[in-house]
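First comes the structure, then the notes that go with it.
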Amino acid sequence: MILLFEQLLNGLQYGVTLFLLAAGLTLIFGIMGVINLAHGALYMVGAFAAAWVAIQTGSFWGGLVSGLLASALAGVLVELGVMRRLYARDHLDQVLATFALILIFNQSAVMVFGRQPLFTSAPEIFSGAIEILPGLPYPTYRLFVIAVGLVVALGLYVLINKTRVGMLVRAGATNRQMVRALGVNIQGLYTAVFGLGALLAGLAGVMASPIVSVQVGMGDEIILATFVVVVIGGVGSVKGAFVAGIVLGMFDTMLRAFLPATLQQVMPGPEAQALGVGISSMGIYLMMALVLLIRPRGLFAARG
Amino acid sequence: MKRETLGLLVVFILLALVPFVAALTGQASWTRLVGQALIYGMAAASLNFILGYGGMVSFGHAAFFGIGGYVVGVFYHHFDAGTAFLGIIPGTDQMLITLPVAIVVAGLAAALVGALSLRTGGVQFIMITLAFAQMFFFLFISLKTYGGEDGIMVRRTNSLPGLNMKDKATLYWVVLVFAAAYYLFLRRLVQSSFGQIIAGIRQNERRMAAMGISTYRYKLYAFVLSGMGAGLSGALMVNFLRFASPDMMHWSRSGELMVMVILGGVGTLAGPFIGAGALFTLETTLARFTEHWMLPVGILLLVVVLTTKGGLMALVAKLKGRAE
């Protein structure tokens, strides 16, 4: 029971990370209509910048600020240099150009930081553990990550539903042409949305940096799960990204934690272990296929 | 028409001479490189049929490539161990059996994936094909009997009656004949009424439907045919490299196949082969100079996508137009 609760919290923390990535990606998808495979690279940029600065200065908070700055800067540069030319192109060109960006980002990271992963630790005040249930100490830093994710979700909700910029963003996700026709500076809006998405991806990377090993390719692994979240949640819907992110994060963590052991009770030996791990990895993709077959546009599709 | 046939014949003869040239110049690796490029070209050409002619952006094509390869690997594994697949189907190392089975199994997988994926479109189609490919990828990783992540070593190339398949040059020529046959098959296919319908669906699906054509069924047929081609090329690749691994189905492999199609020219017959050759040559040449070869490849790809419409084939046509 305690193990289950612990894994639920782990799932929540993973889900929050997925939400941070998916929120930006779904807005970029919904408003500009581009598929950005390189979103994971921005996550990697944030993680690398934060880890490197944290190692050099010994300050997690310095790393946090530089990670956010680096990813937002990289995002704006990518938008100005590449994305801007892709809005009018078809999906195929977008997939390929951003695939090329992944190659460029990954290889540049190898050249700058090498292939050895970087390791950092959580900031001092969050380095301990809190006993949240009798007999269950839980790392404070992971709770902090969950809290940050929820605060950002709330902030995004307010930004999108209560401000003028948010109104434009919502309008853009519903009908791009109409917003342009009404005389809104759509170029500026695009750059801002892309920068915001990059910032959120960078935040996800910074938050993850003390938990996972910071290495080249870390973005490629999580970006596929992020796409699953975006598609299940419905392209363009931040609410969908939140719901799907949390649900998928928990679902994935639960499968990985309990399926191999469950299979071992009905099947013999190491094969059950391997099969369990394999099926757990397939879980989120299976879920996406099921959701798309029932609701081809996702759960909370923004565009009718 | 005559001129095109002549050109194809010249290219075929030149390619057939590659093992001799390699032997004369002492560059034995050339045969292997050109052979691999030909097989990738077949895989890219099969993708091009749905992507270029049919307008279906499938991001999971490597799955069928890998499945075809695994058929050869699994047959060899049971042949080597003297066991039977599922306790009924014995192993074999006869290419005349393994290749057709690889084509059929990849086709069945494509029928399953296509039947479900084609109910969506646009971004969702790209993502759901990617999702299915990931499922196959993780499925094969979890099969410990067949090597899990490490894959299957196929110690001996499948045999064909009357040929010494251990000889590298012979194997290369077999691959060349398959590639040429597949090229001719695709040429026939895109000119057929079926190919015309597929192209029509790309241009305006609603209009084709209004003409009374069941577009879903035709798209599914095309998807299956394309998967079968990928299965054939995967089976050839495993014979050629004597190795099958889940890496063949990794999503970056699907990306690479798309890169080959784009680089060569979408919706052209020779484009995928040219693209595969170009990418493969580029990768191997750059890898000789620097371990960071992915950076120039990425930059080049970005430039090609952003500045040209139609890839290398369009570039050639442009230069030709200027010369005439």
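The values are calculated or read from the model by the stated rules, or taken from the named source; none is laboratory data. All of these numbers come straight from a predicted model, not from anything done at the bench. Here Cβ is always computed from backbone atoms with ideal geometry, including for glycine, and neighbour counts include all displayed protein chains.
Residues of the range A:92-108 being surrounded by fewer than 22 Cβ atoms within 10 Å (Cβ to Cβ) and either touching a Phe, Trp or Tyr at 6+ places or on another chain (Cβ under 9 Å) or charged (D, E, K, R) (or both), which ones?
A:Asp93, A:Gln107
Return only the number of the condition from (1) within 14 Å of another protein chain (Cβ to nearest Cβ); (2) surrounded by 21 or more Cβ atoms within 10 Å (Cβ to Cβ); (3) more than 17 Å from the chain's Cα centre (by Cα); (4) farther than 14 Å from B:Gly69 by Cβ that B:Leu171 does not satisfy.
Among (1) within 14 Å of another protein chain (Cβ to nearest Cβ); (2) surrounded by 21 or more Cβ atoms within 10 Å (Cβ to Cβ); (3) more than 17 Å from the chain's Cα centre (by Cα); (4) farther than 14 Å from B:Gly69 by Cβ, B:Leu171 violates only (1).
If A:Pro296 meets every condition in (1) assigned to a helix (DSSP H, G or I); (2) within 13 Å of chain B (Cβ to nearest Cβ); (3) over 20 Å from the mean Cα position of the chain (by Cα) apart from one, which number is that one?
Of everything listed in (1) assigned to a helix (DSSP H, G or I); (2) within 13 Å of chain B (Cβ to nearest Cβ); (3) over 20 Å from the mean Cα position of the chain (by Cα), A:Pro296 misses just condition (1).
Of these, A:Ala47, A:Ala41, which one is more than 22 Å from A:Ala147 (Cβ to Cβ), hydrophobic (A, V, I, L, M, F, W, C) and either out of contact with any strand residue (DSSP E or B) (no Cβ under 9 Å at 6 or more places or on another chain) or surrounded by 24 or more Cβ atoms within 10 Å (Cβ to Cβ) (or both)?
Of A:Ala47, A:Ala41, the one residue that is more than 22 Å from A:Ala147 (Cβ to Cβ), hydrophobic (A, V, I, L, M, F, W, C) and either out of contact with any strand residue (DSSP E or B) (no Cβ under 9 Å at 6 or more places or on another chain) or surrounded by 24 or more Cβ atoms within 10 Å (Cβ to Cβ) (or both) is A:Ala41.
Could you say which residue among A:Val228, A:Val151 is surrounded by 15 or more Cβ atoms within 10 Å (Cβ to Cβ) and modelled with pLDDT of 85 or more?
None of the others qualify; the one that does is A:Val228.
Show the residue pairs meeting these rules: Cβ distance below 8 Å; 6+ apart or different chains; first residue within the range B:244-260 and within 11 Å of chain A (Cβ to nearest Cβ); second residue of a type in the set (S, T, N, Q).
B:Trp251/B:Gln134; B:Ser254/B:Ser58
Would the range A:228-238 turn up any residue that is among the small types (Gly, Ala, Ser), more than 23 Å from A:Gly283 (Cα to Cα) and either in contact with a strand residue (DSSP E or B) (Cβ under 7 Å, 6 or more places away or on another chain) or part of a helix (DSSP H, G or I) (or both)?
Among the residues of the range A:228-238, not one is among the small types (Gly, Ala, Ser), more than 23 Å from A:Gly283 (Cα to Cα) and either in contact with a strand residue (DSSP E or B) (Cβ under 7 Å, 6 or more places away or on another chain) or part of a helix (DSSP H, G or I) (or both), which makes the answer no.
At pLDDT below 90, crowded, with 18+ Cβ neighbours inside 10 Å and of a type in the set (Gly, Ala, Ser), is that true of A:Ser209?
Judged against the criteria, A:Ser209 is a match.
Going by what's in this entry, would A:Gln265 be described as facing another protein chain (nearest Cβ under 10 Å) and part of a helix (DSSP H, G or I)?
no
From (1) modelled with pLDDT under 90; (2) touching a Pro at 6+ places or on another chain (Cβ under 6 Å), pick out the condition that doesn't hold for B:Phe140.
(1)
Looking only at residues in the range A:112-125 that are exposed (fewer than 13 other Cβ atoms within 10 Å of the Cβ) and within 14 Å of another protein chain (Cβ to nearest Cβ), which one is modelled with the highest pLDDT?
A:Val112
Let me spell it out: the conditions are (1) part of a loop (DSSP other than H, G, I, E, B); (2) away from chain A (no Cβ under 14 Å), and B:Arg119 meets all of them except one. Which number is the exception?
(2)
Hey, any hits in the range B:134-142 for a residue that's within 14 Å of chain A (Cβ to nearest Cβ), among the aliphatic types (A, V, I, L, M) and closer than 24 Å to A:His91 by Cβ?
Checking the range B:134-142: at least one residue is within 14 Å of chain A (Cβ to nearest Cβ), among the aliphatic types (A, V, I, L, M) and closer than 24 Å to A:His91 by Cβ.
Would you mind finding the one in B:Gly55, B:Gly114, B:Gly73 that is within 14 Å of another protein chain (Cβ to nearest Cβ), part of a helix (DSSP H, G or I) and within 21 Å of the chain's Cα centre (by Cα)?
Among B:Gly55, B:Gly114, B:Gly73, only B:Gly114 is within 14 Å of another protein chain (Cβ to nearest Cβ), part of a helix (DSSP H, G or I) and within 21 Å of the chain's Cα centre (by Cα).
Listed residues B:Leu96, B:Leu14, B:Leu38; which is modelled with pLDDT of 90 or more, surrounded by 21 or more Cβ atoms within 10 Å (Cβ to Cβ) and assigned to a helix (DSSP H, G or I)?
B:Leu38
Anything in the range B:247-261 that is of a type outside the set (D, E, K, R) and either more than 21 Å from B:Phe185 (Cα to Cα) or not in a helix (DSSP H, G or I) (or both)? List them, or say none.
B:Met248, B:Met249, B:His250, B:Trp251, B:Ser252, B:Ser254, B:Gly255, B:Val259
Give A:Phe194, A:Phe242, A:Phe258 a once-over and let me know the one that is surrounded by fewer than 24 Cβ atoms within 10 Å (Cβ to Cβ), out of contact with any Leu (no Cβ under 6 Å at 6 or more places or on another chain), among the aromatic types (Phe, Trp, Tyr) and part of a helix (DSSP H, G or I).
A:Phe258
Can you confirm whether B:Ile213 is buried (at least 24 other Cβ atoms within 10 Å of the Cβ) and either touching a Lys or Arg at 6+ places or on another chain (Cβ under 9 Å) or not in a helix (DSSP H, G or I) (or both)?
no
Specify which of the listed residues (B:Ile128, B:Ile201) is in a helix (DSSP H, G or I) and in contact with a Phe, Trp or Tyr (Cβ under 7 Å, 6 or more places away or on another chain).
Every option except B:Ile201 fails the conditions.
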